[in-house]
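Enquirer: Just passing along the structure, written as structure tokens.
What follows draws every value from the coordinates through simple rules; no lab data is involved. Please read these numbers as outputs of a predicted model, since none were measured by experiment. Cβ: placed from backbone, ideal geometry, glycine included. Neighbour counts: every protein chain shown.
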Amino acid sequence: MPYIDIHTHNAKAQEEVLKVVNIFPWDDVEVNSQEGLFYSAGIHPWYIDEVDVKDSLRNVMEWLDTGKIAALGEAGLDALRGPEISLQEEVFLRHIELSEEFEVPLIIHCVKTYNEILALRKRTKAKQPWILHGFNSSVQMMRQMTEAGIYISLGPALLKNKRLQDVCREVPEEMLFFETDVSDVHINDIYTKAAEMRGVTEGELKDLVNNNFRKIC
């Protein structure tokens, strides 16, 4: 049973790890099917005003048409960096539409905009899975997200952040993922810590995350 790394920027295949590798639609990359590698693609909010949004979304749609990517994103909202939130929201809404149209999950970048993400989930009545990558908020916010049908992905901060360790203990097992994002941390270190927090074996934790992955991809 592999470790699932639901969001990473490291495209190197690793033994016993199944990765969802983030790529950007303006990158010159060759998206090939390789054992253990899936891909996600979208417009990160930081770069919206630096790229041609229409061309970038066209590239994403071409990948979606050929089945070469398993998820959209990361896309979302960032209150600290990027263009004004209204523009970020406009682009994010387009990702939501594509997620619904192509029936693929949406991996979400969210910085100090958790309430806005929740409001958009309810407003759009989206049916496809949303995954909050690098979740960094409270148990109370986690509960609001999971009740709205939004998955929680915990990353390297889990190793040291006591608030996130509390979150890890409480996330419903059917809504849980883990990731390495841009770090050099090995995904198994995150699973080891999470298993300790949840009072289960690492094997049991891998089983439940694999079940979640099969459910959405």
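Enquirer: For region 129-143, what does the Karplus curve 6.51 cos²θ - 1.76 cosθ + 1.60, with θ = phi - 60°, yield as ³J(HN,Hα) per residue in whole Hz, taken in order and with x for Gly and Pro?
Expert: x, 10, 10, 7, 7, x, 3, 8, 9, 8, 4, 4, 5, 4, 5
Enquirer: Tell me the angle of helix 202-216 to the major Cα principal axis of the chain, expressed in degrees between 0 and 90 and rounded to the nearest ten.
Expert: Roughly 30 degrees, rounded to the nearest 10.
Enquirer: Follow-up question, since we're still on this one. Let me check against my output: what whole-number percent is the relative contact order of the chain, with C-alpha pairs under 8 Å and at least 6 apart? Spell out each step's value before the answer.
Expert: On the way: 408 pairs, mean separation 41.0, N = 217.
Relative contact order, the chain: 19 percent.
Enquirer: Which residue fluctuates the most in the chain, going by a Gaussian network model with Cα springs under 10 Å, if the choices are Gln34, Gln88, Gln144?
Expert: Of the options given, Gln34 has the highest mean-square fluctuation.
Enquirer: Enter the Cα centre distance for the pair region 1-43 and region 66-84, rounded to the nearest angstrom.
Expert: Taking the Cα centre of region 66-84 as reference, the centre of region 1-43 is 15 Å away.
Enquirer: In the chain, what % of DSSP beta bridges are antiparallel (nearest 5)? Don't skip to the answer; put the middle values down first.
Expert: Numbers: 1 of 27 bridges.
Just about 5 percent of them are antiparallel.
Enquirer: Assuming R0 = 25 Å, can you tell me the calculated FRET efficiency for the pair Glu204 and His9, based on Cβ-Cβ distance, to the nearest 0.05?
Expert: Between Glu204 and His9 the formula returns 0.35.
Enquirer: Just Phe102, Phe38, Phe135 to compare: in a GNM of the chain, with alpha carbon springs under 10 Å, which one fluctuates most?
Expert: Of the options given, Phe102 has the highest mean-square fluctuation.
Enquirer: Taking only Cα atoms, what is the 0 to 90° angle, nearest 10, from helix 187-198's long axis to the longest principal axis of the chain?
Expert: 60 degrees
Enquirer: Oh, and also: Which of the lysines could be linked to Lys206 by a straight reach, that is with a Cα gap under 19 Å, when you skip same-chain ones fewer than 8 residues away?
Expert: Excluding near neighbours in sequence, the set is Lys19, Lys193, Lys215.
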